1. If you go through the range 140-194, how many residues are assigned to a loop (DSSP other than H, G, I, E, B), of a type in the set (K, R) and either closer than 22 Å to E223 by Cα or at pLDDT 90 or above (or both)?
2. Condition first: surrounded by 15 or more Cβ atoms within 10 Å (Cβ to Cβ), over 38 Å from the mean Cα position of the chain (by Cα) and in a helix (DSSP H, G or I). Now tell me which residues in the range 290-325 satisfy that.
3. Please enumerate the residues belonging to the range 133-165 that are open to solvent by 10 Å² or more (accessible area, probe 1.4 Å) and among the hydrophobic types (A, V, I, L, M, F, W, C).
4. Quick check on my filter: what residues within the range 228-267 are part of a loop (DSSP other than H, G, I, E, B), of a type in the set (S, T, Y) and in contact (Cβ under 8 Å) with a residue 24 or more places away in the chain?
5. Hey, which of the helices (runs of 4 or more DSSP H) in the range 1-95, taking only ones fully inside, have at least 1 residues that are at pLDDT 80 or above and open to solvent by 70 Å² or more (accessible area, probe 1.4 Å)?
6. Any residue that is part of a loop (DSSP other than H, G, I, E, B), out of contact with any Asp or Glu (no Cβ under 8 Å at 6 or more places or on another chain) and of a type in the set (F, W, Y) - is there at least one of those in the range 208-216?
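The values are calculated or read from the model by the stated rules, or taken from the named source; none is laboratory data. Quick caveat, the model's predicted, so the values are computed rather than measured. A quick note on method: Cβ atoms are made from the backbone with ideal geometry, for glycine too, and the neighbour counts reach across all protein chains shown. Ligands, DNA and RNA are excluded from the accessible area calculation, which covers all protein heavy atoms including side chains. Shrake-Rupley method; radii C 1.70, N 1.55, O 1.52, S 1.80 Å.
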Amino acid sequence: MSETIITREPQLFDSTAVDNLFISELMPSAPENAVKVYLYGLMQTMMPTERITSIENALGLSKDEITDAFRYWQKQGIVRILEGEALNVQYLNLRNAISCANGSQLDYGRYAEFVKVLQLVLGTRNLSGNEMQRIYDWIEVFGFDEDAAVEIVRHCIEIKGSRVHINYMDSVAKRLAADNQLTYDAVHDSFTTENELASDASAILKRWRTGRRPTEDELALYEKWTKEWGFSKESIDIACGHVIASDKPNFKYLDAILEKYHESGSVSPDSINALIKEQDMLVEIARRTFARAGLKRNVSSLDRAQFELWYKDWHMSTELILYAAELSADRTHPFAEIKKLLTDWHSTGIVDLSAAKEDYENRVKLRPASKGKSVNRALNYKQNKYTAEQLRELGIDTGESIYED
(Lines give C-alpha, C1' and ligand atoms only; values in the text may rest on other atoms or scores of the structure.)
Protein backbone atom coordinates (compact mmCIF):
# COMPACT_ATOMS: atom_id res chain seq x y z
CA MET A 1 0.00 0.00 0.00
CA SER A 2 1.31 3.46 -0.90
CA GLU A 3 0.39 5.54 2.15
CA THR A 4 -1.43 5.63 5.46
CA ILE A 5 -4.02 8.29 6.27
CA ILE A 6 -4.88 9.22 9.85
CA THR A 7 -8.24 10.87 10.50
CA ARG A 8 -10.25 11.46 13.63
CA GLU A 9 -13.88 11.11 14.54
CA PRO A 10 -15.63 14.54 14.73
CA GLN A 11 -15.64 15.95 18.24
CA LEU A 12 -13.39 13.11 19.33
CA PHE A 13 -10.70 14.81 21.35
CA ASP A 14 -10.41 18.19 23.05
CA SER A 15 -6.67 17.60 23.48
CA THR A 16 -4.00 15.08 22.72
CA ALA A 17 -4.07 13.75 26.24
CA VAL A 18 -3.93 9.98 26.54
CA ASP A 19 -6.92 8.43 28.24
CA ASN A 20 -6.03 6.72 31.52
CA LEU A 21 -8.06 3.69 30.41
CA PHE A 22 -5.57 3.17 27.59
CA ILE A 23 -2.62 3.44 29.95
CA SER A 24 -4.03 1.20 32.68
CA GLU A 25 -6.00 -1.40 30.70
CA LEU A 26 -4.65 -1.65 27.18
CA MET A 27 -1.03 -0.55 27.17
CA PRO A 28 0.41 -3.13 29.63
CA SER A 29 -0.38 -6.13 27.42
CA ALA A 30 0.15 -4.40 24.08
CA PRO A 31 3.25 -4.98 21.88
CA GLU A 32 5.84 -2.22 22.06
CA ASN A 33 5.47 -1.19 18.42
CA ALA A 34 1.68 -1.07 18.77
CA VAL A 35 1.95 1.37 21.68
CA LYS A 36 4.39 3.57 19.75
CA VAL A 37 2.20 3.63 16.63
CA TYR A 38 -1.01 4.35 18.58
CA LEU A 39 0.51 7.24 20.55
CA TYR A 40 2.15 8.79 17.52
CA GLY A 41 -1.04 8.38 15.50
CA LEU A 42 -3.01 9.94 18.37
CA MET A 43 -0.84 13.00 18.04
CA GLN A 44 -1.36 13.00 14.28
CA THR A 45 -5.13 13.23 14.73
CA MET A 46 -4.57 16.84 15.65
CA MET A 47 -2.58 17.28 12.42
CA PRO A 48 -4.46 15.25 9.75
CA THR A 49 -2.40 16.69 6.90
CA GLU A 50 0.67 14.79 8.08
CA ARG A 51 1.29 11.54 6.17
CA ILE A 52 2.56 8.12 7.13
CA THR A 53 6.09 9.04 6.10
CA SER A 54 6.21 11.11 9.30
CA ILE A 55 5.42 8.00 11.38
CA GLU A 56 7.87 5.86 9.45
CA ASN A 57 10.67 8.36 9.84
CA ALA A 58 9.83 9.19 13.43
CA LEU A 59 9.48 5.60 14.67
CA GLY A 60 11.81 3.83 12.27
CA LEU A 61 9.15 1.23 11.39
CA SER A 62 8.25 -0.30 8.06
CA LYS A 63 4.84 0.00 6.43
CA ASP A 64 4.05 -3.62 7.31
CA GLU A 65 4.98 -3.07 10.95
CA ILE A 66 2.76 -0.01 11.13
CA THR A 67 -0.11 -1.91 9.45
CA ASP A 68 0.25 -4.78 11.93
CA ALA A 69 0.18 -2.31 14.81
CA PHE A 70 -3.06 -0.70 13.67
CA ARG A 71 -4.59 -4.12 13.06
CA TYR A 72 -3.79 -4.97 16.64
CA TRP A 73 -5.62 -1.88 17.89
CA GLN A 74 -8.54 -2.59 15.59
CA LYS A 75 -8.82 -5.97 17.28
CA GLN A 76 -9.05 -4.11 20.59
CA GLY A 77 -11.82 -1.96 19.12
CA ILE A 78 -10.23 1.47 19.58
CA VAL A 79 -9.39 2.24 15.92
CA ARG A 80 -11.09 1.39 12.63
CA ILE A 81 -9.21 0.62 9.42
CA LEU A 82 -11.26 2.03 6.54
CA GLU A 83 -11.49 0.60 3.05
CA GLY A 84 -9.16 1.96 0.37
CA GLU A 85 -5.78 1.48 -1.24
CA ALA A 86 -4.08 3.57 1.44
CA LEU A 87 -4.00 2.56 5.09
CA ASN A 88 -6.79 4.86 6.26
CA VAL A 89 -7.13 4.69 10.05
CA GLN A 90 -9.85 6.30 12.12
CA TYR A 91 -9.32 6.77 15.86
CA LEU A 92 -12.41 6.08 17.96
CA ASN A 93 -13.42 7.51 21.31
CA LEU A 94 -11.82 4.96 23.55
CA ARG A 95 -14.49 4.80 26.24
CA ASN A 96 -17.35 4.64 23.74
CA ALA A 97 -15.55 2.04 21.67
CA ILE A 98 -15.39 -0.46 24.51
CA SER A 99 -19.01 -0.06 25.56
CA CYS A 100 -22.03 -1.91 24.17
CA ALA A 101 -25.14 -0.06 23.10
CA ASN A 102 -26.87 -1.11 26.34
CA GLY A 103 -24.13 0.48 28.44
CA SER A 104 -22.54 -2.78 29.62
CA GLN A 105 -18.84 -3.32 29.23
CA LEU A 106 -17.70 -5.49 26.33
CA ASP A 107 -14.28 -6.97 26.79
CA TYR A 108 -12.69 -6.61 23.37
CA GLY A 109 -9.45 -7.88 24.81
CA ARG A 110 -10.86 -11.37 25.14
CA TYR A 111 -11.37 -11.42 21.35
CA ALA A 112 -7.68 -10.91 20.69
CA GLU A 113 -7.01 -14.57 19.88
CA PHE A 114 -10.27 -14.82 17.93
CA VAL A 115 -9.36 -11.83 15.75
CA LYS A 116 -5.85 -13.21 15.29
CA VAL A 117 -7.26 -16.47 13.90
CA LEU A 118 -9.85 -14.58 11.88
CA GLN A 119 -7.14 -12.44 10.27
CA LEU A 120 -5.39 -15.58 9.05
CA VAL A 121 -8.60 -16.46 7.19
CA LEU A 122 -9.08 -12.92 5.88
CA GLY A 123 -5.52 -12.68 4.57
CA THR A 124 -4.74 -9.16 3.40
CA ARG A 125 -8.32 -7.95 3.78
CA ASN A 126 -9.03 -5.56 6.66
CA LEU A 127 -12.55 -5.51 8.11
CA SER A 128 -13.88 -2.18 9.29
CA GLY A 129 -15.01 -1.62 12.87
CA ASN A 130 -18.67 -1.94 11.84
CA GLU A 131 -17.96 -5.20 10.04
CA MET A 132 -16.09 -6.57 13.04
CA GLN A 133 -18.95 -5.53 15.32
CA ARG A 134 -21.39 -7.57 13.23
CA ILE A 135 -19.14 -10.61 13.56
CA TYR A 136 -18.88 -10.01 17.31
CA ASP A 137 -22.70 -9.98 17.34
CA TRP A 138 -22.68 -13.54 15.99
CA ILE A 139 -20.99 -14.50 19.23
CA GLU A 140 -22.62 -12.09 21.66
CA VAL A 141 -26.18 -12.11 20.27
CA PHE A 142 -26.64 -15.33 18.30
CA GLY A 143 -24.47 -17.47 20.59
CA PHE A 144 -21.98 -18.85 18.05
CA ASP A 145 -18.75 -20.38 19.28
CA GLU A 146 -15.74 -18.35 18.20
CA ASP A 147 -14.38 -21.12 15.99
CA ALA A 148 -17.84 -21.46 14.43
CA ALA A 149 -17.77 -17.75 13.54
CA VAL A 150 -14.36 -18.16 11.93
CA GLU A 151 -15.70 -21.13 9.94
CA ILE A 152 -18.58 -19.00 8.64
CA VAL A 153 -16.16 -16.35 7.36
CA ARG A 154 -13.92 -19.02 5.80
CA HIS A 155 -16.84 -20.65 4.01
CA CYS A 156 -18.18 -17.36 2.68
CA ILE A 157 -14.76 -16.39 1.31
CA GLU A 158 -14.52 -19.81 -0.32
CA ILE A 159 -17.87 -19.28 -2.01
CA LYS A 160 -17.79 -15.58 -2.89
CA GLY A 161 -14.12 -14.67 -2.84
CA SER A 162 -12.01 -12.52 -0.54
CA ARG A 163 -14.15 -9.42 -1.14
CA VAL A 164 -17.36 -11.10 0.01
CA HIS A 165 -19.74 -8.55 1.47
CA ILE A 166 -20.46 -8.59 5.20
CA ASN A 167 -24.21 -8.71 4.41
CA TYR A 168 -23.77 -12.10 2.74
CA MET A 169 -21.77 -13.45 5.68
CA ASP A 170 -24.39 -12.09 8.06
CA SER A 171 -27.21 -13.79 6.14
CA VAL A 172 -25.39 -17.13 6.32
CA ALA A 173 -24.85 -16.69 10.07
CA LYS A 174 -28.53 -15.86 10.62
CA ARG A 175 -29.63 -18.92 8.64
CA LEU A 176 -27.43 -21.18 10.73
CA ALA A 177 -28.59 -19.52 13.95
CA ALA A 178 -32.23 -20.08 12.93
CA ASP A 179 -31.45 -23.81 12.70
CA ASN A 180 -29.62 -23.65 16.06
CA GLN A 181 -26.35 -24.66 14.42
CA LEU A 182 -24.01 -22.70 16.67
CA THR A 183 -21.02 -24.96 17.32
CA TYR A 184 -18.10 -25.54 15.02
CA ASP A 185 -19.12 -29.14 14.34
CA ALA A 186 -22.69 -28.15 13.49
CA VAL A 187 -21.56 -25.32 11.21
CA HIS A 188 -18.89 -27.46 9.56
CA ASP A 189 -21.34 -30.33 8.95
CA SER A 190 -23.85 -27.90 7.47
CA PHE A 191 -21.28 -26.51 5.05
CA THR A 192 -20.09 -30.02 4.17
CA THR A 193 -23.63 -31.00 3.25
CA GLU A 194 -24.06 -27.77 1.33
CA ASN A 195 -20.86 -28.44 -0.62
CA GLU A 196 -22.02 -31.94 -1.49
CA LEU A 197 -25.35 -30.57 -2.70
CA ALA A 198 -23.54 -27.91 -4.71
CA SER A 199 -21.28 -30.53 -6.29
CA ASP A 200 -24.20 -32.75 -7.31
CA ALA A 201 -26.28 -29.80 -8.52
CA SER A 202 -23.27 -28.51 -10.48
CA ALA A 203 -23.05 -31.90 -12.20
CA ILE A 204 -26.59 -31.37 -13.49
CA LEU A 205 -25.72 -27.91 -14.83
CA LYS A 206 -22.59 -29.34 -16.43
CA ARG A 207 -24.72 -32.01 -18.10
CA TRP A 208 -26.79 -29.18 -19.57
CA ARG A 209 -23.57 -27.46 -20.67
CA THR A 210 -23.99 -24.69 -18.11
CA GLY A 211 -20.73 -23.84 -16.36
CA ARG A 212 -22.03 -21.62 -13.56
CA ARG A 213 -22.43 -22.41 -9.85
CA PRO A 214 -25.95 -23.42 -8.69
CA THR A 215 -28.03 -20.63 -7.20
CA GLU A 216 -29.38 -20.83 -3.65
CA ASP A 217 -32.86 -21.58 -5.03
CA GLU A 218 -31.46 -24.44 -7.13
CA LEU A 219 -29.61 -25.83 -4.12
CA ALA A 220 -32.85 -25.65 -2.13
CA LEU A 221 -34.63 -27.66 -4.84
CA TYR A 222 -31.87 -30.27 -4.91
CA GLU A 223 -32.01 -30.56 -1.14
CA LYS A 224 -35.78 -31.07 -1.34
CA TRP A 225 -35.40 -33.82 -3.93
CA THR A 226 -32.78 -35.72 -1.94
CA LYS A 227 -33.57 -34.98 1.70
CA GLU A 228 -37.35 -34.55 1.67
CA TRP A 229 -38.49 -36.67 -1.28
CA GLY A 230 -35.76 -39.32 -1.04
CA PHE A 231 -34.46 -39.33 -4.61
CA SER A 232 -30.96 -40.67 -5.18
CA LYS A 233 -28.49 -39.18 -7.65
CA GLU A 234 -29.22 -42.09 -9.99
CA SER A 235 -32.95 -41.35 -9.89
CA ILE A 236 -32.37 -37.67 -10.61
CA ASP A 237 -30.06 -38.60 -13.50
CA ILE A 238 -32.90 -40.59 -15.08
CA ALA A 239 -35.22 -37.60 -14.84
CA CYS A 240 -32.52 -35.39 -16.33
CA GLY A 241 -32.72 -37.48 -19.48
CA HIS A 242 -36.19 -36.07 -20.13
CA VAL A 243 -35.15 -32.50 -19.34
CA ILE A 244 -32.27 -32.61 -21.84
CA ALA A 245 -34.86 -33.08 -24.60
CA SER A 246 -36.23 -29.63 -23.71
CA ASP A 247 -35.00 -26.56 -25.57
CA LYS A 248 -34.16 -24.79 -22.30
CA PRO A 249 -33.45 -27.34 -19.56
CA ASN A 250 -33.74 -25.90 -16.06
CA PHE A 251 -34.27 -26.90 -12.44
CA LYS A 252 -37.93 -25.82 -12.47
CA TYR A 253 -38.75 -28.22 -15.31
CA LEU A 254 -36.80 -30.99 -13.59
CA ASP A 255 -38.67 -30.27 -10.35
CA ALA A 256 -42.02 -30.74 -12.15
CA ILE A 257 -40.92 -34.14 -13.49
CA LEU A 258 -39.64 -35.33 -10.11
CA GLU A 259 -42.83 -34.11 -8.44
CA LYS A 260 -44.87 -36.42 -10.70
CA TYR A 261 -42.57 -39.32 -9.86
CA HIS A 262 -42.86 -38.52 -6.16
CA GLU A 263 -46.66 -38.31 -6.28
CA SER A 264 -46.82 -41.70 -7.99
CA GLY A 265 -44.53 -43.23 -5.37
CA SER A 266 -41.75 -43.80 -7.90
CA VAL A 267 -38.53 -42.74 -6.18
CA SER A 268 -36.00 -45.52 -6.75
CA PRO A 269 -34.32 -45.97 -10.16
CA ASP A 270 -36.16 -49.27 -10.75
CA SER A 271 -39.58 -47.82 -9.98
CA ILE A 272 -38.90 -44.75 -12.14
CA ASN A 273 -37.82 -46.91 -15.08
CA ALA A 274 -40.96 -49.00 -14.64
CA LEU A 275 -43.09 -45.84 -14.62
CA ILE A 276 -41.39 -44.52 -17.75
CA LYS A 277 -41.97 -47.84 -19.51
CA GLU A 278 -45.63 -47.69 -18.52
CA GLN A 279 -45.97 -44.12 -19.76
CA ASP A 280 -44.41 -45.07 -23.10
CA MET A 281 -46.88 -47.95 -23.37
CA LEU A 282 -49.83 -45.61 -22.75
CA VAL A 283 -48.59 -43.30 -25.49
CA GLU A 284 -48.41 -46.23 -27.89
CA ILE A 285 -51.95 -47.34 -26.98
CA ALA A 286 -53.17 -43.80 -27.56
CA ARG A 287 -51.38 -43.59 -30.90
CA ARG A 288 -52.95 -46.85 -32.10
CA THR A 289 -56.37 -45.75 -30.84
CA PHE A 290 -56.17 -42.49 -32.76
CA ALA A 291 -55.17 -44.36 -35.90
CA ARG A 292 -58.07 -46.82 -35.52
CA ALA A 293 -60.53 -43.92 -35.03
CA GLY A 294 -59.15 -41.96 -37.98
CA LEU A 295 -57.73 -39.18 -35.80
CA LYS A 296 -54.58 -37.48 -37.10
CA ARG A 297 -52.95 -35.69 -34.14
CA ASN A 298 -50.18 -36.19 -31.62
CA VAL A 299 -50.76 -37.60 -28.16
CA SER A 300 -50.84 -34.81 -25.58
CA SER A 301 -50.25 -35.03 -21.83
CA LEU A 302 -54.01 -34.73 -21.30
CA ASP A 303 -54.59 -37.62 -23.69
CA ARG A 304 -52.05 -39.71 -21.80
CA ALA A 305 -53.83 -38.94 -18.53
CA GLN A 306 -57.13 -40.04 -20.10
CA PHE A 307 -55.69 -43.33 -21.31
CA GLU A 308 -54.07 -43.84 -17.90
CA LEU A 309 -57.55 -43.58 -16.36
CA TRP A 310 -58.98 -46.19 -18.73
CA TYR A 311 -56.04 -48.57 -18.62
CA LYS A 312 -54.79 -48.31 -15.02
CA ASP A 313 -57.75 -47.13 -12.98
CA TRP A 314 -60.58 -48.76 -14.91
CA HIS A 315 -58.52 -51.87 -15.83
CA MET A 316 -59.70 -51.87 -19.45
CA SER A 317 -57.74 -53.95 -21.95
CA THR A 318 -56.01 -52.53 -25.00
CA GLU A 319 -58.33 -54.53 -27.26
CA LEU A 320 -61.39 -53.01 -25.60
CA ILE A 321 -60.11 -49.45 -26.11
CA LEU A 322 -59.26 -50.16 -29.75
CA TYR A 323 -62.71 -51.69 -30.27
CA ALA A 324 -64.31 -48.49 -28.99
CA ALA A 325 -62.16 -46.55 -31.46
CA GLU A 326 -63.29 -48.81 -34.30
CA LEU A 327 -66.95 -48.26 -33.46
CA SER A 328 -66.40 -44.49 -33.29
CA ALA A 329 -64.49 -44.06 -36.54
CA ASP A 330 -67.50 -42.94 -38.61
CA ARG A 331 -68.77 -40.42 -36.05
CA THR A 332 -68.38 -36.66 -36.30
CA HIS A 333 -66.39 -36.52 -33.04
CA PRO A 334 -64.65 -39.90 -32.69
CA PHE A 335 -62.77 -39.23 -29.46
CA ALA A 336 -65.89 -37.96 -27.71
CA GLU A 337 -67.70 -41.13 -28.81
CA ILE A 338 -64.82 -43.28 -27.51
CA LYS A 339 -65.13 -41.58 -24.13
CA LYS A 340 -68.89 -42.16 -24.09
CA LEU A 341 -68.61 -45.85 -24.95
CA LEU A 342 -65.88 -46.56 -22.41
CA THR A 343 -67.70 -44.60 -19.71
CA ASP A 344 -70.89 -46.58 -20.37
CA TRP A 345 -69.01 -49.87 -20.27
CA HIS A 346 -67.23 -48.88 -17.06
CA SER A 347 -70.54 -48.01 -15.39
CA THR A 348 -71.88 -51.48 -16.26
CA GLY A 349 -68.72 -53.31 -15.24
CA ILE A 350 -67.55 -54.23 -18.76
CA VAL A 351 -63.76 -54.43 -18.96
CA ASP A 352 -63.04 -57.04 -21.68
CA LEU A 353 -63.62 -57.26 -25.41
CA SER A 354 -66.15 -60.10 -25.51
CA ALA A 355 -68.49 -58.42 -23.05
CA ALA A 356 -68.22 -55.16 -24.99
CA LYS A 357 -69.10 -56.85 -28.26
CA GLU A 358 -72.10 -58.52 -26.69
CA ASP A 359 -73.24 -55.20 -25.27
CA TYR A 360 -72.89 -53.48 -28.62
CA GLU A 361 -74.83 -56.22 -30.43
CA ASN A 362 -77.64 -55.87 -27.90
CA ARG A 363 -77.71 -52.14 -28.52
CA VAL A 364 -78.03 -52.73 -32.26
CA LYS A 365 -80.95 -55.15 -31.73
CA LEU A 366 -82.79 -52.63 -29.58
CA ARG A 367 -82.61 -49.91 -32.24
CA PRO A 368 -85.79 -49.30 -34.31
CA ALA A 369 -85.76 -51.30 -37.59
CA SER A 370 -84.96 -49.18 -40.60
CA LYS A 371 -87.67 -49.12 -43.40
CA GLY A 372 -85.17 -48.55 -46.08
CA LYS A 373 -84.53 -45.39 -47.94
CA SER A 374 -86.74 -42.53 -46.82
CA VAL A 375 -89.15 -41.10 -49.41
CA ASN A 376 -91.17 -37.95 -49.71
CA ARG A 377 -94.42 -38.17 -47.72
CA ALA A 378 -96.27 -36.66 -50.70
CA LEU A 379 -95.41 -39.70 -52.77
CA ASN A 380 -97.16 -41.96 -50.25
CA TYR A 381 -100.37 -39.94 -50.14
CA LYS A 382 -103.39 -42.22 -50.50
CA GLN A 383 -105.47 -41.18 -53.60
CA ASN A 384 -109.28 -41.41 -53.85
CA LYS A 385 -111.08 -42.49 -57.08
CA TYR A 386 -113.94 -40.27 -58.41
CA THR A 387 -116.58 -40.97 -61.17
CA ALA A 388 -117.12 -38.54 -64.03
CA GLU A 389 -120.42 -37.50 -62.49
CA GLN A 390 -118.76 -36.78 -59.14
CA LEU A 391 -116.10 -34.73 -60.89
CA ARG A 392 -118.78 -32.67 -62.70
CA GLU A 393 -120.47 -32.06 -59.37
CA LEU A 394 -117.17 -30.76 -58.06
CA GLY A 395 -117.02 -28.41 -61.07
CA ILE A 396 -114.25 -30.24 -62.81
CA ASP A 397 -114.47 -30.43 -66.63
CA THR A 398 -113.23 -33.79 -67.86
CA GLY A 399 -113.31 -32.70 -71.58
CA GLU A 400 -116.15 -35.04 -72.64
CA SER A 401 -118.23 -32.10 -74.01
CA ILE A 402 -115.80 -31.73 -76.88
CA TYR A 403 -116.93 -35.02 -78.37
CA GLU A 404 -120.72 -34.45 -77.84
CA ASP A 405 -120.92 -32.13 -80.86
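1. The number of residues fulfilling the criteria is 0.
2. Listed by number, the residues that qualify are F290, R292, A293, T318, L320, I321, L322, Y323, A324, A325.
3. Correct list: I139, V141, F142, V150, I157, I159.
4. S232
5. 32-44, 63-76
6. Yes.
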